[in-house]
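Here is the structure we will look at, set down as structure tokens.
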Amino acid sequence: MAEYDAFDDGVDVHGQTIRTVIDDALARFSAEYQQLARDALAENGVVEPSSDEWYPQQAWLNAFEILAEETEPHILDRLGEQIPDVADWPSEPATVEEHLAAINEAYQLNHRGDDIGSYQFERVDEQTAKVTSRTPYPCPYDRGLVRAVAQQNAPVESFVFVEERGDECRRSGGDTCTYTVSW
């Protein structure tokens, strides 16, 4: 599987998610990036997404791909970092572990269809965990998301470090990417 390719043609993304990323997360960078995302969606048949509707994930992934091609290389990592601040989460996790485990729950709430993918959490030790992403979203976006989620509940004195460490990577055609998170 590759980045930017939905696992199933029937997978949808909730319009509220799309609007939040464009209106809130991308707004933190520039109006130009917001317009680039809107134009990319429009090219894929999604014009003015409604918060109450569902849209093809492939159209959304195509917008991510255009953002990656047309902007600075780090934008997807930085965009992933914005998600915990702008997205609705299913609960208020109190620990780094609970928050990392909640990534999958939030993902499941915002996507629908047969094979939408998932995020799997595994505790390694007291201050280390693994998050394995089996989604079609780009690796830098996932890395930024995982880092930001861990930082929200890490002790103030902790330095959160995320490293892609797996036997495979979606950039290379693998099914998953595994991120080791230390705090």
Alpha-carbon Debye profile of the range 126-183, log10 I(q)/I(0) at 0.13, 0.30 Å⁻¹: -0.31, -1.24
Tell me the mean residue ellipticity at 222 nm calculated for the chain from its helices only (DSSP H runs of n ≥ 4, each -39500 (n - 2.57), averaged over every residue, nearest 500). -13000 deg cm²/dmol
Relative contact order of the chain, pairs being alpha-carbon contacts under 8 Å that are 6 or more residues apart, as %: 26 percent
Using alpha carbons only, how many degrees (0 to 90, rounded to 10) separate the axis of helix 57-70 from the longest principal axis of the chain? 80 degrees
Among 118-125, 3-10, what's the highest-first ranking by average C-beta atoms within 10 angstrom per residue? 3-10, 118-125
Arrange the following residues from fewest to most other Cβ atoms within 10 Å of their Cβ: T128, T71. T128, T71
Place the peptides 58-69, 34-45 in order of packing, highest mean first, counting for every residue the other Cβ atoms within 10 Å and averaging per peptide. 58-69, 34-45
Over the Cα atoms of the chain, each weighted equally, I'd like the Debye log10 I(q)/I(0) at q = 0.08, 0.09 Å⁻¹, rounded to two decimals. -0.23, -0.29
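Each reported figure results from applying straightforward, stated rules to the coordinates on display, with no laboratory input. All of these numbers come straight from a predicted model, not from anything done at the bench. Counting neighbours? That spans all protein chains shown, and the Cβs are built from the backbone with ideal geometry, glycine included.
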